[in-house]
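*Asks:* Can you keep this structure in mind? I'll have questions shortly.
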Amino acid sequence: MTSGVERQLDCAVDGARLSADGALMLLEQAELPALAAAAHAVRCAKTNERIATYVVDRNINYTNICVSGCRFCAFYVAPDDPRGYVLARDELDEKIAETVAVGGTQILMQGGLHPALRLEFFEAMLRHIKAAFPVHVHSFSPPEIVHLARLEELGVGDVLRRLRDAGLDSLPGGGAEILVEDVRHAVSPHKCTAAQWLDVMRAAHALGMRATATMMFGHVETLAQRIEHLEAIRTLQDETGGPGSGVFTAFIPWTYQPANTALGGRTVGGHDYLRTLAVSRLFLDNVDNIQASWVTQGARIASVALRFGANDLGGTMLEENVVAAAGVRFRMSIDEIRRTIADAGFEPRQRTTLYEHVEA
């Protein structure tokens, strides 16, 4: 007799949509090899089964000053902290020039919610970057957009429109954490709500912009709340057009890193990470690309993740500061990323932010 878990896996592989209850059953009960096989089958049906991709990029934090005070963050400092900084223009130029010199196509800029940086600061920065460098600017997560909207007393759509017109190309999915209000109140009570996060992404799509979605898990949330988060992502992707045209180009689940944080706790291991990654692939039937998080899991687990539903290793991240502040300092060169993909049995292919292949 076929078990409920087997039925759910078979339905997902056959292209049927999983319910939230079905996904929770898999997260709680499915054996890891069965999850891997199903997630990989769905991945191969949705993307090129021979290829795994990566993007050459740099993660630039323009400021570490933040008024949000998230309990899981080891990177931020308060406005009056002497360790606070705002990146100077010449430092920014140097970082972007180094990225372009090694074939980089994307700049991922994010920062703290600085109480004194106004919209004009970001518009000037974007115009400068676009005039000086041939890069895709993938920057400013929804909490940053909501923060700017409050400072300027504007709607998030108006803020996004001005940033887009100044040179912003797409939005990263940072600040999502878990899109459940009880969880957000516990870990980031001063950050935007789940509804506001989704509203920013909805507004971005209305302006013709794309984005990624993320999930930081392994802190205070339940397994059911992880599924609730995935359902919020899937629902908005349906609303904005579904696979290929919806707001989200990719989904990136990554694990909470507790060191040096006010929240504390334990580190999520590879077993839980891979299980959650596989269920994400099976449940998010309208998101084409699932990204492995080598930054939090390292090269070995990232390689395995390419058999658990992931088809992308994300960015080379020539610089990364936020996860490093929590004591996790995995690093991979472009050659190491390509070798990790090849060792997993796939052809490595550089991509753009929008998942177009870069010609060699």
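*Asks:* Which members of the stretch 179-194 meet the condition of being touching a residue at least 40 places away in the same chain (Cβ under 8 Å), open to solvent by less than 10 Å² (accessible area, probe 1.4 Å) and assigned to a helix (DSSP H, G or I)?
*Replies:* Selection gives 183, 187.
*Asks:* Got a number for residues in the stretch 8-46 being out of contact with any Phe, Trp or Tyr (no Cβ under 9 Å at 6 or more places or on another chain), surrounded by 15 or more Cβ atoms within 10 Å (Cβ to Cβ) and not in a helix (DSSP H, G or I)?
*Replies:* 1
*Asks:* Right, something else. For residues that are more than 19 Å from residue 337 (Cα to Cα) and in contact with a strand residue (DSSP E or B) (Cβ under 8 Å, 6 or more places away or on another chain), scanning just the stretch 252-271, find the one that is modelled with the lowest pLDDT.
*Replies:* Selected residue: 267.
*Asks:* Looking at the stretch 316-350, which of the residues that are under 21 Å from residue 134 (Cβ atoms) and open to solvent by 10 Å² or more (accessible area, probe 1.4 Å) is modelled with the lowest pLDDT? Lay out the reasoning, then the answer.
*Replies:* Keep residues of the stretch 316-350 that are under 21 Å from residue 134 (Cβ atoms), which gives 316-319, 334, 349-350.
From the residues that got through so far, the ones that are open to solvent by 10 Å² or more (accessible area, probe 1.4 Å) too are 317-319, 334, 349-350.
Details: 317: 64, 318: 65, 319: 58, 334: 86, 349: 97, 350: 96.
Checked the stretch 316-350; the qualifying residue modelled with the lowest pLDDT is 319.
*Asks:* Continuing with this model, one more query. Cβ-Cβ distance below 9 Å, separation of 6 or more or different chains: which pairs start in the stretch 19-33 with a residue that is without any contact (Cβ under 8 Å) to a residue 24 or more places away in the chain and end on one that is of a type in the set (Gly, Ala, Ser) and part of a helix (DSSP H, G or I)?
*Replies:* Pairs found: 22/4; 22/12; 25/4.
*Asks:* While we're here: If I go through the stretch 302-314 residue by residue, how many of them are open to solvent by 10 Å² or more (accessible area, probe 1.4 Å) and touching a Leu at 6+ places or on another chain (Cβ under 7 Å)?
*Replies:* Qualifying residue count for the region: 2.
*Asks:* Cβ contacts < 8 Å: first residue in a helix (DSSP H, G or I), restricted to the stretch 224-236; second residue open to solvent by 30 Å² or more (accessible area, probe 1.4 Å) and among the charged types (D, E, K, R), any location; separation 6+ or different chain. Result?
*Replies:* 225/182; 234/285; 236/202
*Asks:* A further question follows. Considering the stretch 215-227 alone, what residues qualify as being at pLDDT 95 or above and surrounded by fewer than 22 Cβ atoms within 10 Å (Cβ to Cβ)?
*Replies:* Across the stretch 215-227, the qualifying residues are 222, 223, 224, 225.
The values are calculated or read from the model by the stated rules, or taken from the named source; none is laboratory data. On a predicted model such as this, the values are computed, not experimentally measured, just so you know. A quick note on method: Cβ atoms are made from the backbone with ideal geometry, for glycine too, and the neighbour counts reach across all protein chains shown. Heads up: the accessible areas ignore ligands, DNA and RNA and are worked out on the full protein's heavy atoms, side chains in. Shrake-Rupley method; radii C 1.70, N 1.55, O 1.52, S 1.80 Å.
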